[in-house]
Amino acid sequence: MMKMSRKSALVAMLGLSMLSMGALAHGPSKAQHGGIVQSAGDLSFELVPQGETAALYVVDHDKPADVSKMTGKLTVLNGTSKSEAALKVATGDKLEAATKLGAGSRVVATVNTAAGQAITVRFNLK
């Protein structure tokens, strides 16, 4: 049986702790389109108001996600009024909904993945 010195054991523990810290550091990606970014699971979602529509970009581990088989809806709360709009595929990583967003809007995005997983993401526009 091999004996490990205290120094070797300390170096090994330090190395393992640094690996686990890197795994915990994964969070929301930075906004790429001027919107608000939130994360759920391994995906990041960027909500971007675009006049009469709202875009939802999806990123998977810092790479554009394939949204071709995703569906969903945006629920928008403006004060006491509530509206819903279907999310439809626009481009490779972008879903769009025919709804207008403004300052103070609270938005809940419900996205259904190709695997059938429902993901809920919340946004507050300032």
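The values are calculated or read from the model by the stated rules, or taken from the named source; none is laboratory data. Source: prediction; values computed, not measured. Here the Cβ is made from the backbone with ideal geometry for all residues, glycine too, and neighbour counts use every protein chain on show.
When only residues in segment 76-91 that are touching a strand residue (DSSP E or B) at 6+ places or on another chain (Cβ under 9 Å) and more than 17 Å from residue 35 (Cβ to Cβ) count, which is modelled with the lowest pLDDT?
My answer is 78.
In segment 89-104, how many are surrounded by fewer than 17 Cβ atoms within 10 Å (Cβ to Cβ), under 17 Å from the mean Cα position of the chain (by Cα) and within 11 Å of residue 56 (Cβ to Cβ)?
Total satisfying the criteria: 1.
If you scan segment 55-108, which residues turn out to be within 19 Å of residue 122 (Cβ to Cβ) and of a type in the set (S, T, N, Q)?
Within segment 55-108, 71, 75, 78, 80, 81, 83, 99, 105 meet the criteria.
I'd like the residue in segment 67-88 that is assigned to a loop (DSSP other than H, G, I, E, B) and not β-branched (Val, Ile, Thr) and, out of all such residues, is surrounded by the fewest Cβ atoms within 10 Å (Cβ to Cβ).
Filtering segment 67-88 for residues assigned to a loop (DSSP other than H, G, I, E, B) gives 67-70, 79-80.
Restricting the remaining residues to those that are not β-branched (Val, Ile, Thr) gives 68-70, 79.
Working: 68: 10, 69: 10, 70: 19, 79: 8.
Restricting to residues being assigned to a loop (DSSP other than H, G, I, E, B) and not β-branched (Val, Ile, Thr), the top hit is 79.
Can you find, within segment 26-54, the residue that is surrounded by the most Cβ atoms within 10 Å (Cβ to Cβ) among those that are touching a His at 6+ places or on another chain (Cβ under 7 Å) and within 18 Å of residue 120 (Cβ to Cβ)?
Looking only at segment 26-54, we keep the residues that are touching a His at 6+ places or on another chain (Cβ under 7 Å), and these are 42, 46, 48.
With within 18 Å of residue 120 (Cβ to Cβ) added as a condition, the list becomes 42, 46.
Working: 42: 10, 46: 23.
It comes out as 46.
Output the residues belonging to segment 49-75 that are among the small types (Gly, Ala, Ser) and either out of contact with any strand residue (DSSP E or B) (no Cβ under 9 Å at 6 or more places or on another chain) or on the phi > 0 side of the Ramachandran plot (or both).
Within segment 49-75, the subset among the small types (Gly, Ala, Ser) is 51, 54-55, 65, 68, 72.
51, 72 - these are the residues of segment 49-75 that are among the small types (Gly, Ala, Ser) and either out of contact with any strand residue (DSSP E or B) (no Cβ under 9 Å at 6 or more places or on another chain) or on the phi > 0 side of the Ramachandran plot (or both).
Got a sec? Which of 71, 53, 80 is out of contact with any Gly (no Cβ under 8 Å at 6 or more places or on another chain) and over 13 Å from residue 96 (Cα atoms)?
Working: 71 fails: over 13 Å from residue 96 (Cα atoms); 53 fails: over 13 Å from residue 96 (Cα atoms).
Testing whether each residue is out of contact with any Gly (no Cβ under 8 Å at 6 or more places or on another chain) and over 13 Å from residue 96 (Cα atoms) leaves just 80.
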